[in-house]
Amino acid sequence: MKKKVVIIGVDGATPDLLELWMKEGKLPHLQKIKQDGTYGSLESTIPPFSAPAWASIITGCNPGKHGIYGFESTSSLESHLITSSSRKVPALWNYLTSIGLNSIIVNVPNTYPPEKIDGVMITGLLTPSDESNFTYPKTVKDRLTKEDLGIFELEQLWVDDFPRSYMAKYAPERLLNQIIDQMISHVSVTINLMKESDWDLTMVVIRGTDTAQHFLYKRKDLLLSCYQKVDELIGTMVENFSDAVFFVVSDHGFEEIKTILYPDNVLYNAGLLVPKQDLSQNPTSIFDYLVFKIISSILRIIPPKTIKKIKFIKKILFSSSSKQKLIDFSKTKAFSTADGRGIRICRKGRFSEGIVDPDEYNRLCKEIQTLFEKLQHPDTKEHLVEKIYRCDEVYGEKAKDPPDLVIDVKKGVTAAEWIRTPNVLSRWKKTKKRILPVAFSDDSAGRSGDHAKYGVFFAHGNNIKSNVTIKNANVMDVLPTVFATLDLPVPNDVDGKVHDYIFVEKPSLETVDWDKYSPVKQTLSDSEKQKIKKLKDNLKI
Ligand SMILES: [Zn+2]
């Protein structure tokens with residue numbers, strides 16, 4: 001029988017909540033998958049963010065190899081969102097395409113622009129807008145209608161997040177309904193694509209759980225409704241495609257936010273980050289304040305979907321999100337990156353604007369490490385940082401453009417990549433020495449939950465053992481374990497491992513140099529495909 005795999009990504013699905021609600025019988029489909037299959041927690045990347053973690057899931061590699069550390073590119077000091085070509089190594093679908101296997105890939109973060117694959121791709125988070133060509137083949141976009149494949153509700157990062165924080169405050173039920181509609185649309189389009197073609201791998205990412213937990217973490221009643229909808233959607237997929245092996249994975253978990261650390265404030269206080277102008281007269285703060293006020297007022301009248309379509313508001317939202325515009329790079333030695341969990345050193349030679357000499361680099365890294373390790377909450381005096389790593393400790397020595405330092409925060413603490421001025425600017429203005437608070441207990445972006453280290457990993461279907469606990473699994477292990485399920489040899493340069501004890505009959509665990517067979521990210525000519533097919537037959541895969 002032909003082997004087929006479905007990967008359902010549930011962004012931010014959290015072991016604590018899932019286990020509690022499965023036990024209480026509130027998530028019957030996931031409970032059944034757990035009982036009839038295998039389940040365990042899944043360790044995320046450091047830091048546990050969607051962009052690097054999904055990239056590790058689809059490549060089997062450490063961020064040092066795939067080169068994705070956050071939603072922003074690290075190759076220059078300017079602020080640029082990453083694209084699918086920022087990924088330095090092949091993804092699942094590149095390997096499969098190179099041996100003529102078909103994939104359906106829907107809503108996976110950072111896949112825009114779509115790649116040419118054998119099968120269909122609809123891109124996910126970081127797709128610029130409805131007007132972009134976000135499908136491969138292009139013709140699929142025209143088919144995203146009610147009458148055909150179904151409407152596809154595109155998710156956009158900043159544009160969506162801005163009003164969502166207000167909806168969480170003023171209309172949480174409405175926000176939940178919007179999230180649920182989006183999840184239904186993504187899964188329905190995926191099911192329709194699966195029904196009409198012959199595929200070997202399907203992967204869809206349900207992102208609503210991430211949004212709901214960021215903004216509604218304290219409303220457990222609403223979170224439960226969100227998880228129950230996910231449970232129902234997973235149940236429908238399993239029922240419709242019972243011949244496939246299902247993997248349900250999350251890129252990280254969630255926890256309640258108690259404190260928000262602002263690393264840029266720490267660097268500012270130490271004189272390492274210098275803004276272009278006096279922060280007390282910072283026009284961006286006043287501008288942001290006004291934008292917040294205006295949007296919160298109009299949000300009650302105009303639906304967010306309409307706001308998203310108004311071009312000038314979109315422009316304002318994007319322009320206000322670039323911190324780098326505030327920084328005077330002729331005087332700045334370091335600033336935060338990767339949502340405040342990384343530090344970049346403005347090195348001479350590496351960046352044209354860089355001012356830090358190579359012989360000053362090590363000393364500066366140590367100075368910043370000491371600075372962060374000592375950090376305490378201004379009121380409770382609790383330490384805020386678990387550990388601050390040099391990049392090679394986390395990503396290896398050959399990492400491509402990593403942040404220079406990586407911050408691992410204490411439980412309940414999150415970080416934000418922004419210079420945050422005190423809430424009452426006038427009071428701050430009167431003090432002589434302008435030291436910024438390094439931590440706040442309210443989040444200016446309206447989040448009540450943030451990412452935690454462990455997500456979940458379920459496997460279920462033909463040849464998967466029943467009631468087995470998955471141990472010590474990492475996001476990098478998903479690709480090798482999926483390859484083993486498909487009876488494919490594992491590429492020898494991936495970092496993850498196969499969890500072979502989950503299989504009833506163990507597959508032959510061969511590793512191969514896929515480079516020989518797969519020209520990365522290219523569409524192959526028919527003769528090339530033939531050549532690869534021959535090689536594949538020789539390998540008996
Ligand atoms: Zn995520």
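Readers should treat all values here as calculations from the given coordinates under stated rules, not as data from a laboratory. These numbers were taken from a predicted model, which means no experiment stands behind them. Note: ideal-geometry Cβ built from the backbone for every residue, glycine included; neighbour counts use all protein chains shown.
Computing FRET efficiency as 1/(1 + (r/R0)^6) for D142 and D513, where r is the C-beta to C-beta distance and R0 is 30 Å, gives about 0.15. By other beta-carbon atoms within 10 Å, ranking R341, R447 with the fewest at the front produces R447, R341.
Only aspartates and glutamates eight or more places from K34 in sequence, or on another chain, were considered; those with a Cα closer than 13 Å are E19, D231. Along the charge dipole of region 340-490, pointing to its positive end and built from +1/-1 on Cβ of Lys, Arg, Asp and Glu, which listed residue (I419, I464, G449) has its Cα farthest out? Result: I419, furthest along the dipole toward the positive end. The residue among Y112, A91, P128 whose Cα reaches farthest toward the positive pole of the charge dipole of region 1-147, with charges on the beta-carbon of Lys, Arg, Asp and Glu, is A91. Placing dummy labels 7 Å off each Cα toward the beta-carbon, the span from N492 to K88 is 2.1 nm. Each of K331, K34 was scored by other Cβ atoms within 10 Å of its Cβ. Arranged with the fewest first, they read K331, K34. Only Cα pairs under 8 Å and 6+ residues apart enter the sum, and on that basis the relative contact order of region 124-269 stands at 19 percent. Each peptide in 463-471, 74-82 gets a packing score, the mean of other Cβ atoms within 10 Å over its residues, and the list from highest to lowest is 74-82, 463-471.
Spin-label model, Q277 to S132: label points 7 Å out along the Cα-to-beta-carbon direction sit 3.2 nm apart. Would you mind checking the pairs K258/K453; K276/K381; K325/K411 and listing those with alpha carbons more than 20 angstrom apart? Result: K276/K381; K325/K411 exceed 20 Å. The simple Förster model, with R0 at 51 Å and r as the Cβ-Cβ distance, assigns E397 and M1 a FRET efficiency of 0.70. Residue exposure proxy: V6, V498, ordered by other Cβ atoms within 10 angstrom of their Cβ from fewest to most, comes out as V498, V6.
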